[in-house]
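Read through the structure below, which is laid out as structure tokens, and then see the notes.
FYI, it's all coordinate maths here, none of it is from the lab. Here the structure is a predicted model, which is why all the values come from computation and not from measurement. With ideal geometry, Cβ positions are generated from the backbone for all residues, glycine too; neighbour counts draw on all protein chains shown.
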Amino acid sequence: MSAEATNPATSGAPRRRGRPRLDLRRLGLAALLGSTSRGRLPDAIGHVAEAHRAHHADADLEPLRRAYVLAESSHRGQMRKSGEPYITHPLAVTLILAELGAETTTLTASLLHDTVEDTEVTLDQVREEFGEEVCYLVDGVTKLEKVDYGAAAEPETFRKMLVATGNDVRVMSIKLADRLHNMRTLGVMRPEKQARIAKVTRDVLIPLAERLGVQALKSELEDLVFAILHPEEYEQTRALVARNSAEPGPLADIAEDFRAVLREAGISAEVLIRPRHFVSVHRSRIKRGELRGADFGRLLVLVNEDADCYGVLGELHTCFTPVISEFKDFIAAPKFNLYQSLHTAVARGDGEVAEVLIRTHQMHKVAEAGVVALGNPYDYGADEDGADGERIDPTRPGWLSRLLDWQRSAPDPDTFWSSLREELAQDREITVYRPDGGTLGLPAGASCVDAAYAQYGDDAHSCIGARVNGRLVTLSTVLRDGDTVHVLLAPPETGSGPDAEWLDHTRTPAARIAIGRWLSSHPEGPVVAAAAPRPQLTVETVRPVAAGAVVDLPHATVRLAGCCTPVPPDGITAFTVRGGAVTVHREECSAVERMTADGREPVAVRWAELEDTAECRVTLIAESFGRPHLLADLTEAIAMEGAAIVSATVEPPSEGRVRHTYTLQLPDSTGLPGLMRAMRKVPGVYDVGRGKEPAAAGQGHQGLG
């Protein structure tokens, strides 16, 4: 995971408060000359040890010493393109993680993260010397060889890392720190390679840092990408920040006012000024136009207890003018990436508005470091009696479980790579509830189709509708956070399948991949096999004109077309389809006209004589005047005749009239006339007829089950 020399375009980027970046040449010299005698901590990892002990005072540093010795000896002689000894890279990556509060196992693996990829060290050797956990982390971040995978090496490497992250989130923590150091030192690469790496960082790594809550890494990565991909805007923003920094701003005065108010209220709190990073300033300038002094930062109020957060909020809203539209409570309802804070904004008499973040010290640690701050996911807590507690496992939030599920179905690296970028481009996550009390995590903008595939996988192919908060809705309905979704499925024997138009209403790769796979294997769309107990058909002998031969098809597989759902005694015709099967249509079906115009030769068919009638499927269209409860009355009439609703749609009212389209399963075809009479008797219905085409799913219609 090589990296390069300092990128001059990013030299003006704001840095996080705390330890300054180390001089890599000085670090490299320490690595070459520092003592590595047994039992003594090498000088080169002194800064790592100091940062680690700041978060973990009782940490055992011996694994770090042994990992450094192995890494330094195995990388000895390797140089980075910028001229430093290669060991400076794993040292810098480990220091980043140590400052975020990573535990010892993560830091040990971080020191070794390039050894298996770039040296003669083997995974077996790492496992033998450092244990299974360190071995798993090192393996998780080790790239796949281009010689084996070619152009698929990068997407397949990310697939491998994500699968490993599903078992241990520390894999991705190391990868993010590795990418941050490489982005800091990208300057000696060719411009086109810088741009390529920056785009992958923007599309994949930054969204992953956001989802894992590692805000400190995300912010710096955003600024580094900004400098490479948008150098002119970056320079304008850098100059704007520099001009503002040269003048005393209003945030210092407002912060002092906050401290006085909170002291008087008896609330122990720390009030800090948090400068915005460059990308944040750039976005604010685009949104607001000209920026004022308070727009270049936020005020951060840190307290000890959750209750104190609300106490601070009350005092600030009492003593200053609150901007109510800016208030958000991420303590009562944390973000999907573990983030907790109260957000508000208050205005001074001169019109300056200060944005305010209120959180506890622990919330602040998690806000900065995300899952890194949660430590070892294999750690178990203990209750007061010493019994084992629940596993502290942050590795399966909804978005990650969803990603791990659909990636198994991605047919090739390109599909996986594009689907991954699309998944990570979702900027927010919602939670919807199932009728059984379970929950589904979905991206913002997800529809009932996405919910169906998230809950049922491939069984969602037979989805025919949904109820959202108890109300029948179209499958295209976009879900909101907190909705309760009841997905309605047709019985498997009905042969229902997805419509291509469902793809227009999906936001999740899992749904798109599953629908696409089904459509590619069913080019004729959802059809019903003609074997018993379906109406039996006999295929007659015909002579295709173009072929000029007698073709006998007595053993062909016969299917009833889903577009017109023929039933005895309908006039029918048929066409051969891929695989030698025969699909049967009503004579007046528009598909017959299209296929005939395309030169397709029809196959003569007839209904066979049956002693017993059999189940059949039919599409009916009811024309009616709009009125309350019409849908319920029609549904009841259909049920009273013994018919099962496979799917139903209701078009939006037009001039007071409504069209209902039903696909129904009848016990036998003889009941069809009685069913149509019963539907016509429903008040408001003025006509019921056979349908020629299926109702398009999700086109402003309302699905039924």
remark   = Two pseudo-spin positions, 7 Å from Cα along C-beta at D504 and at D203, lie apart in nanometres by 2.6 nm
inquiry  = Order these by the 10 Å Cβ neighbour count, fewest first: H364, H181, H113, H343.
reply    = H343, H364, H181, H113
note = Taking a straight Cα-to-Cα line shorter than 24 Å from K81, and setting aside same-chain lysines fewer than 8 residues away, one finds K143, K146, K175, K193, K199
task = Please report the Cα spread of the stretch 246-372 along all three principal axes, rounded to whole Å, starting with the longest.
result = 36, 36, 28
Residue order, fewest to most beta carbons within 10 Å, for C563, C319, C463 = C319, C563, C463
ask   = So between E232 and D458, what do we pick up on full extension, going 0.36 nm a residue minus the alpha carbon distance?
value = 76.6 nm
query = By how many nm would the segment from A604 to A246 lengthen if fully extended, with 0.36 nm per residue of separation less the alpha-carbon distance?
reply = 120.1 nm
key: Sites V323 and E593, calculated FRET efficiency, Cβ-Cβ separation with R0 60 Å, nearest 0.05   = 0.45
ask   = For the stretch 185-251, what value does the Rg/Rh ratio take when both radii are computed over Cα atoms and Rh is the Kirkwood radius, given to two decimals?
value = 1.07
task = Please report L112, L208 as a ranked list, fewest other C-beta atoms within 10 angstrom at the top and most at the bottom.
result = L208, L112
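The stretch 410-516: percent of C-alpha pairs farther apart than 25 Å? Kindly include the intermediate steps, with their values, before the conclusion.
Working: 941 of 5671 pairs.
It works out to 17 percent of all Cα pairs.
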request  = At 0.36 nm per residue, minus the direct Cα-Cα distance, what do A195 and Y149 gain on full extension? Give it in nm, one decimal, please.
outcome  = 14.3 nm
request  = Could you compute the FRET efficiency for K81 and A425, with r as their C-beta to C-beta distance and R0 at 25 Å, rounded to 0.05?
outcome  = 0.20
